[in-house]
Amino acid sequence: MLTKLVTLIRRTLLCAVISGSAISSAELLPFVADYQAHYNGMEVSASRQLQRDGDSYREQLSMRSLLGSVDELSHFSLDANHWPRPHSSRYSLSLLGINRDERQQFDWQALEVNYRRGDKQRRIALEPHCLDLTTHRTALVADLRQRRESLDYCVINRGKRKQYRYTVVGEERIDTALGALNTLHVSRQRDADESRNTELWLAIDWDFLLVRLHQFEEDEEYRLELTSATVAQRPVAALPQTLNTPLDPTGN
């Protein structure tokens, strides 16, 4: 049961943010975001952060519960067209005595991904537009900012290639732990034979930071809520505050 929640959080924590009007649109803003997740009454805390690393970026996800922990680290950069390009990723799980370590290395010259899990290894063909789980979130947010209608991404995650598709439902003002926020409601599209329904709410005024996620599947329900965050070292706050609101010179 917990592994399902872990997978959900990894796949849908859309926390990568593209820069606001104050700086170049080619940059990504550093952020830290904390979440509380609920799966049929069970609680999991999650945090995610993005940091600049020279000419590239590192994004880290950590999840903790009474039953175990998950850590994920991704290293990527932006190409000449400002499209995210993954370099490597690592996934580590410790759950009820089970320990797992998985790694992906992207070889753009050979156009292949080297995937390793323990002593097992395989190679996956890589196309120029393919992403990993982290960079597909970055690409999605960039496309939402540009109001593009096609939200379809090739994703190589844990040694498998999949297509992730999304559609925009509309704008909504919702109440959160931080107060009222303007959000964009986005739904992940599934195949016709899938019963799973995943809905996301992204903070428009805070560069589309994920603030809420709901997933329903038959009699199971997953919920994820933002509890605190900073974007470009500015605390995320309720309306009328936004990322572009001038800072109070007194520090308040």
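The values are calculated or read from the model by the stated rules, or taken from the named source; none is laboratory data. In this text the structure is predicted, and so the values were computed from the model without any measurement. Backbone-built Cβ (ideal geometry, glycine too); neighbour counts: all protein chains shown.
So, Arg137, is that one in contact with a Leu (Cβ under 6 Å, 6 or more places away or on another chain) and on the phi < 0 side of the Ramachandran plot or not? So that I can check it myself, show each step before the final result.
Numbers: in contact with a Leu (Cβ under 6 Å, 6 or more places away or on another chain): yes; on the phi < 0 side of the Ramachandran plot: yes.
Taking the combined requirement at face value, the residue satisfies it.
Can you go through Ala125, Ala110, Ala142 and tell me which one is within 22 Å of the chain's Cα centre (by Cα), surrounded by 11 or more Cβ atoms within 10 Å (Cβ to Cβ) and hydrophobic (A, V, I, L, M, F, W, C)?
Numbers: Ala125 fails: within 22 Å of the chain's Cα centre (by Cα); Ala110 fails: within 22 Å of the chain's Cα centre (by Cα).
Matching residue, one of Ala125, Ala110, Ala142: Ala142.
Look at Ile174 and say whether it is part of a strand (DSSP E or B), among the aliphatic types (A, V, I, L, M) and modelled with pLDDT of 95 or more.
Values: part of a strand (DSSP E or B): yes; among the aliphatic types (A, V, I, L, M): yes; modelled with pLDDT of 95 or more: yes.
Against the criterion (part of a strand (DSSP E or B), among the aliphatic types (A, V, I, L, M) and modelled with pLDDT of 95 or more), Ile174 qualifies.
Being closer than 23 Å to Gln36 by Cα and not hydroxyl-bearing (Ser, Thr, Tyr) is the filter here, so list the residues in the range 66-89 that pass it.
Hits for the range 66-89 are Leu66, Leu67, Gly68, Val70, Asp71, Glu72, Leu73.
Got a sec? Which of Arg122, Arg137, Arg147, Arg116 is out of contact with any Gly (no Cβ under 8 Å at 6 or more places or on another chain), assigned to a strand (DSSP E or B) and not small (Gly, Ala, Ser)? Full working, then the answer.
On the way: Arg122 fails: out of contact with any Gly (no Cβ under 8 Å at 6 or more places or on another chain); Arg137 fails: assigned to a strand (DSSP E or B); Arg147 fails: assigned to a strand (DSSP E or B).
None of the others qualify; the one that does is Arg116.
Let me spell it out: the conditions are (1) surrounded by fewer than 21 Cβ atoms within 10 Å (Cβ to Cβ); (2) of a type outside the set (Asp, Glu); (3) in contact with a Cys (Cβ under 9 Å, 6 or more places away or on another chain); (4) closer than 30 Å to Leu67 by Cβ, and Tyr115 meets all of them except one. Which number is the exception?
(3)
Working only within the range 33-57, note down all residues that are surrounded by fewer than 18 Cβ atoms within 10 Å (Cβ to Cβ) and either under 27 Å from Tyr222 (Cα atoms) or in contact with a Cys (Cβ under 9 Å, 6 or more places away or on another chain) (or both).
Of the residues in the range 33-57, the ones surrounded by fewer than 18 Cβ atoms within 10 Å (Cβ to Cβ) are 34, 36, 38, 40-43, 45, 49, 51-56.
Of everything in the range 33-57, those that are surrounded by fewer than 18 Cβ atoms within 10 Å (Cβ to Cβ) and either under 27 Å from Tyr222 (Cα atoms) or in contact with a Cys (Cβ under 9 Å, 6 or more places away or on another chain) (or both) turn out to be Asp34, Gln36, His38, Asn40, Gly41, Met42, Glu43, Ser45, Gln49.
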